[in-house]
1. When the Cα centres of segment C:313-331 and segment A:189-224 are compared, how far apart do they sit, in Å?
2. Is the C-alpha gyration tensor of the protein assembly as shown telling us rounded, prolate or oblate? Criteria: a/c under 1.5 is rounded; beyond that, a/b larger than b/c is prolate, otherwise oblate.
3. Take the Cα pairs of chain B, get the Kirkwood Rh, then feed it into Stokes-Einstein at 4 °C and 1.567 mPa s and tell me D in µm²/s.
4. Note down the relative contact order for segment B:36-148 as a percent, whole number, built from C-alpha pairs under 8 angstrom at least six residues apart.
5. Suppose a student asked you for the relative contact order of chain C, using Cα pairs under 8 Å spaced at least 6 residues apart; what percent would you report?
6. When you look at the Cβ of every residue in B:386-393, what mean number of other chain Cβ atoms sits within 10 Å?
7. Hey, rough spin-label estimate for residue C:205 and residue B:517, points 7 angstrom out along Cα→Cβ, what's it come to in nanometres?
8. Using a Gaussian network model on chain A with a 10 Å cutoff between Cα atoms, which of A:336, A:316, A:304 fluctuates the most?
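What follows draws every value from the coordinates through simple rules; no lab data is involved. Since the model is a prediction, treat every value here as computed from it, not as a measurement. Neighbour counts run over all protein chains shown; Cβ positions are idealised from the backbone, glycine included.
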């Protein structure tokens, strides 16, 4: 019974879960409040959850771990910055639209009161088509390099981030809160979203249990909705075909499924989820990080889903939830607990070793016989 | 090339036998080989040739499945090899069917692979001799000497990937000859890839080698070559040594008959199916055209000049017709393209030519098109193509129907449709019961089932499609005897009940003859002939062995003359 | 025929594009020839050794060894210890190499073992392995040094008493190899000026007419690099080299011929790691400062990008690729920021451009490699049928 459980959960997960549990138990003894830690873990879970979710479609379709997540993130960043750039205009257009078609609920008062959620929605609405287009090209590319997807994805991510570094400097952004003050052009490295859509999800329906523990209900609900959407999609005809492609592309082909098309759809979906994920992240974090910011963002997401029990070609929503919680738990708890105990910040080192160790473990694991 | 005692045979096999998981594949093989002899070893696929070679060369697969019975003697001394290198050390070499050459290396580098001539240096004492440099000139000389022995003219500095395919075969053989102590050489289908002239050169070279005292075991399905080259012929059938006679005592027809002639008791599991490279160049063999039908019925499927690029099973030019409701068999040796035909028709490999279903032509190269025309396919590669090993049985059984026929779905077509898990499970249960698939239920993973039950799942997958034409490859490969007859009976019943046209491709001639109405034999990517299943086994055997009817008759005339 | 032409273009497209970019960027930057040559020579001396260390795993069919950063870290540990012990000059460098070698061997063995478990995805695995070992390295340097591993020089330690500072000055061995054999090329007029500034020491002076300014030559470093090239040429001719080539082309065939495949692959990685360790030491003696936590970060990426720009691919690389790559890559590195500034008035753009190019070039090479491999597979399948039947 126990051995079966261990076999199902896998040793690395159990060790890390026990480690995390140990940290929570040890926390009060070193003067760290458990509820604060829990709150931090929940916030980070909500922030990162959607980006981890972005791994599922590609893994399920057999495209491997999406090391190219930065591509989706870039689409998200474009959406976020453009939503701020056009914020006033978008709202004005909405009021105008409401006036024209007699939609009284789109009046000025409504739009002003809902400024922040509308801004957030506009960021997502702008980001999604960009992500879909980028994902389409990215998918076509990955179809031509079957077998080497992961390495190429990594470098596609890197080169697109560095390409966008040039673009951030050159694109004609004008909004004064976003461009460098002295030059009047070129986006800043970090842009505050305060006054636009800071904490729109985090604060929505938030429950204050006590002064230390605030549950970001809105953000968690948003994650849950995204997870359910992905879950529903994976049960659709297309999602089923996609899973079969990842499980055995030859079988899928012999069953009349267009393997390349399914892979492309999965990559597009991953990229779109990555774009939405970064916007969720930013509204909670409070800043848009441009330039080299998205560079290494794929690694924590990859490590999370692997930590949750996914393999290079099989992943589920449960893997995402368990993995994100464990990974973010470790990240929150190690600085606070270990630092208080050892008087030193080991968190960065532990993050490096755990996340990359997890990826290494997945890469070197023997693929099941018969494949 | 070494002096050996002529009294003791070079190699003696003494009551060699082998069982794989309770299935006997070899029994009581006894023969010996003397220096300078050329022995022809013939047998159908699965007759036990590969297993015999695996035993002789100490392949790990033998030891890991419980070793073998009987004993081997080299020069009168007992030996038991545990790796091919030990056999090599005793002077026993092997030239494989598939080339094991490094494409970017020159002929010389390949001939001397891992036996390079080295310059000595002091470094050897510090490290190993792997840090010595290569003596390119000496290597060139040694390689050309080995090539020269074969009587061909190949530049040792030529890159292998740029060579015509025939040369590669010579390089392989030269590699074995170059070993100083080689005195017994096994050649597995060496002429399969050669043109006729090249084959002639090779046969001459082999005779020359034999004169130098090297014993040769020549494994081939080209009986005429076996007959001209060899002094002794051994025929293996169903794991037994059927005959061991001087070549002049046998005609090719007799050999063929010995090879395929069946006894009532049959061996049930075939362990290995070596894939043979296909002959590329022209062979002057006539094709027996399918006999004119008596009644003109519109054929269920009509294939004209089909070619298929399936690796290892290339189809060159195949035409045939199958009547509605018929069970049609496709047989032939492994590697000759019989598997390529159904795979090509289903669009799984690049194909060309014309295929008509009930008079309407079929779009090739598109599995979806074939499935839409109500064809169903059971692949020979069960684990690779036939199943989703990591998914449950109900997925496996219903997936194809779901994707191509829109069944087992809920929702609005083309907009959003979701799996109907309930219907999937129900359908899977129905077939689990009907085909008595042994499993814990429709949610067990397909990878966890035994071979026979996996095959039944594949059949269920095809039946769910309600096909007009069912293409089945190797229906009984790798499954146990009980499951075997059940699978074949299922097919027969399905044909009888639904009038479905079935095309079965199988390596087991006997199986085809027992189930099918007519059987086509494929040889070298072409149809050698189509015979009613009731024709005598040796006729099929002759077709398989690359002997067309005409060549046969000639030989018989000669024999009688 | 057209395929062949396509292959030739595909094989040399990358260097050609870079020559064109440089041809535009050099005049834009406004640098003088002697400045550029001086910079290039310095960078050849600084980087070639690191890039050369990549050749052997490519030969063994293991692709680009992203795990070379393991060797770089080993070298840095050697340098840190030597720096603490106050060993200076050439003995310091040699000692650093001696300390680094066993660490690099151990890391190489580990890396080789891991890669043997991940056949077919060596590159992504070695890449992640680099990150993983980076975590271990940080743990050692940031927590163990000054605690478990004694560091006596307080100037090297963080104020808390253990852990090494980020910027360590390598004054003791700065430029020792570069200046071991001082040499200079100079124009007729500049010679006197140069000697008066630098003292009449034992400079090997090569006077060239029609040449302005002077160029210092890191002669000893170049000699070491030349020796290393000879080593690689010799290595290719050895039995071990031959075995690696065989494994690189077909593991199955090599295995059936009795070549110990896994062992040889590990040897290839160990050699590469040890050489990368020496390469990093040479690199840092030129730089003169060691950024404890960042120096090795970019080593792998820049070395690999330079090699690929030199026309190498994932499966084939030569010594010529190394030098062509080093020159073209660093030419772009030197001129891009200035050219960018002169072009659009922003140096940052040139900065980002060269980063983009480094990553982009690796991405493109990987794509081309995978693409070509898949195409060859298809061609091989087609060729089986020969000329008969259909087209």
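1. Each part reduced to its Cα centre gives a spacing of 51 Å.
2. oblate
3. Stokes-Einstein gives a translational diffusion coefficient of 50 µm²/s.
4. Relative contact order, segment B:36-148: 16 percent.
5. 30 percent
6. So the per-residue partner count for this stretch is 5.
7. 10.3 nm
8. A:336
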